[in-house]
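Visitor: Could you have a look at this structure, given as structure tokens, before my questions?
The values are calculated or read from the model by the stated rules, or taken from the named source; none is laboratory data. Since this is a predicted model, take the numbers as computed values, not measurements. Backbone-built Cβ (ideal geometry, glycine too); neighbour counts: all protein chains shown.
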Amino acid sequence: MKIKPLGSRILVQIKEGEEKTSGGLYIPATAQEKTNTGIVVALGDKDVTVKEGQEVIFDKYAGTQIRLDDKDHLLLDMDNVLAVIE
């Protein structure tokens, strides 16, 4: 399925949380913290200041979560994007 965000929204693939601690212990999925970074995979058609493929930091509780191709994504408004990671 392909999703095209409207207006100033973007679609971000959420980066997976750490599965292992620095000491080598595995963290179960239910105990992993929700990350607030991801890769931009689709753009809306106006006032979008990021590009596909860029890694971004977004508000922790922002957006609408969707599952596509067995991966978690967020549909975000550009106002919820805090920074681009270079």
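Visitor: Name the residues in region 11-58 that are small (Gly, Ala, Ser) and either in contact with a Cys (Cβ under 6 Å, 6 or more places away or on another chain) or modelled with pLDDT of 90 or more (or both), would you?
Guide: Here is the first cut: in region 11-58, the residues small (Gly, Ala, Ser) are 17, 22-24, 29, 31, 38, 42, 44, 53.
Matches in region 11-58: Gly38, Ala42, Gly44, Gly53.
Visitor: Taking region 37-78 as the region of interest, how many residues are free of Cβ contacts under 8 Å to residues at least 60 places away in the same chain and closer than 17 Å to Gly7 by Cα?
Guide: Residues in region 37-78 being free of Cβ contacts under 8 Å to residues at least 60 places away in the same chain and closer than 17 Å to Gly7 by Cα: 16 in total.
Visitor: Now for a different question. Taking only region 59-86 into account, find how many residues are touching a helix residue (DSSP H, G or I) at 6+ places or on another chain (Cβ under 8 Å) and either among the small types (Gly, Ala, Ser) or modelled with pLDDT of 95 or more (or both). Let's see the steps before the verdict.
Guide: The first filter runs over region 59-86 and keeps only residues touching a helix residue (DSSP H, G or I) at 6+ places or on another chain (Cβ under 8 Å), leaving 59, 62-63.
Now drop any that are not either among the small types (Gly, Ala, Ser) or modelled with pLDDT of 95 or more (or both), which leaves 62-63.
Qualifying residue count for the region: 2.
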